Amino acid sequence: MTHQARKRFGQNFLSDPNIIRKIVEAIAPQRGQNMVEIGPGLGAMTDPLLERVGHLQVVEIDRDLIARLHERYLPEQLTVHEGDALKFDFARLGDDLRVVGNLPYNISTPLLFHLARFADRVRDMTFMLQKEVVMRMVAAPGSGDYGRLSVMLQYRFRMGRLFDVPPGAFRPVPKVISSIVRLVPRPAEALEARDEEILSQVVTAAFGQRRKTLRNTLRGLIDEAGLERLGIDPGDRAERLAVADFVRIANAL
Ligand code: SAM
């Protein structure tokens with residue numbers, strides 16, 4: 001029975017065996033690890049992962065695909081969580097999680113923000129995403145790609161773009177190039193935000209109007225003298241600040 005790919009669930013299924021092998025090599029799964037796949041779909045990655053790990057937990061939203069997963073795999077191989085990964089409580093899945101997935105691109109940014117909340121449960125995460133999103137995740141200060149996504153993820157994770165995947169590796173063929181990215185939680189740093197909600201507010205305000213200076217975008221949160229006391233030039237723009245600068249501002253509030 002063929003499956004009609006659903007656009008609203010961002011379904012582009014991996015079909016190139018060489019690319020699948022390369023991604024699995026990059027993940028380097030080992031028997032017994034606590035591995036979670038988001039959006040297993042038709043199982044392109046699930047099969048080779050299971051072969052190496054022995055058991056996998058998956059989170060999938062599409063009921064038709066879930067029915068197929070139940071037909072295809074034994075409960076001792078696969079624990080299927082039916083639901084929306086955006087709302088899913090990953091803390092339920094235990095500790096030392098290795099999270100993987102060829103993520104639905106239409107929800108990739110909110111999903112990354114959601115997953116960041118479970119960083120303390122995670123050993124690492126390896127995802128396929130739209131290349132443009134990966135470039136924003138790993139962007140350094142001063143680059144046009146540097147923004148809220150870069151700061152909030154880099155605050156919690158070390159990240160690296162591993163390699164690109166061409167559209168032809170999927171069915172249906174997407175319009176965009178994809179990249180594989182790895183995220184590894186940072187150890188608690190000397191510079192830790194006392195309140196991550198405040199950090200998020202500062203970063204959101206600072207990048208809300210990215211062409212404006214900090215003196216303007218942060219007005220209402222911190223005044224010029226406050227910025228100067230932290231050694232931050234109120235005439236700078238958000239894109240020039242390091243992650244640590246945002247943390248220092250948040251901690252001063
Ligand atoms: N892993 C498969 C592959 O590589 O061929 C499928 C990848 S496809 C890009 C994205 C998968 O995520 C689909 O199986 C889709 O149904 C599922 N999905 C979409 N939105 C989701 C959500 N909010 N929560 C959980 N799974 C979702």
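Read-outs throughout are calculated quantities, based only on the coordinates presented, and are distinct from any laboratory measurement. Keep in mind that what you see is a predicted model, and the values were worked out from it rather than measured. Reconstructed Cβ throughout: ideal geometry from the backbone, glycine too, with neighbour counts over all protein chains shown.
Here are some notes:
- Relative to the longest principal axis of the Cα atoms of the chain, the long axis of helix 243-252 makes an angle of roughly 60 degrees.
- Between residue 186 and residue 123, the contour length at 0.36 nm per residue exceeds the alpha carbon distance by 21.7 nm.
- Per-pair calculated FRET efficiency, R0 = 41 Å: residue 6 and residue 223 via Cβ, rounded to 0.05: 0.25
- Relative exposure of 13, 90, 246, 163, judged by other C-beta atoms within 10 Å (fewest first): 163, 13, 90, 246
- When the Cα atoms of the chain are aligned to their principal axes, the ranges along those axes come out at 65, 36, 29 Å in descending order.
- Net charge of the neighbourhood of residue 32, taken over other residues with C-beta under 13 Å away and scored Lys/Arg +1, Asp/Glu -1, is +3.
- Charges were assigned to the Cβ only: +1 to each Lys and Arg, -1 to each Asp and Glu. The resulting dipole of the range 52-96 about its Cα centre is roughly 120 debye.
- Difference of contour (0.36 nm per residue) and Cα-Cα distance, residue 79 to residue 252: 57.8 nm
- Charged side chains reduced to their Cβ positions (Lys and Arg at +1, Asp and Glu at -1) give the range 196-252 a dipole of some 240 debye around its Cα centre.
- Remark: the chain carries a charge dipole of roughly 600 debye about the Cα centre, counting +1 on each Lys and Arg Cβ and -1 on each Asp and Glu Cβ.
- For the range 123-170: rounded, prolate or oblate by the Cα gyration tensor [a/c cutoff 1.5]: oblate
- Taking 0.36 nm per residue of separation and subtracting the current Cα-Cα distance, fully stretching the chain between residue 161 and residue 176 would add 3.8 nm.
- Model label sites at residue 215 and residue 95, defined 7 Å from Cα along the beta-carbon direction, differ in position by 5.0 nm.
- Near residue 177: Cβ cut-off under 13 Å, other residues only, Lys/Arg at +1 and Asp/Glu at -1. The net charge is +1.
- Cα-projected label distance for residue 15 with residue 30, points at 7 Å along beta-carbon direction, nm: 3.6 nm
- Nitroxide proxy distance, nm - points 7 Å out along Cα→Cβ at residue 22 and residue 204: 3.8 nm
- Total formal charge among the other residues, if their Cβ is under 13 angstrom from that of residue 139, Lys/Arg +1 and Asp/Glu -1: +3
- A straight Cα-to-Cα reach below 15 Å connects residue 131 with the aspartates and glutamates 145, 164, residues fewer than 8 places away in its own chain not being considered.
- Options 27, 79, 130, ranked by Cα towards positive dipole end of the chain, top entry (Cβ charges): 130
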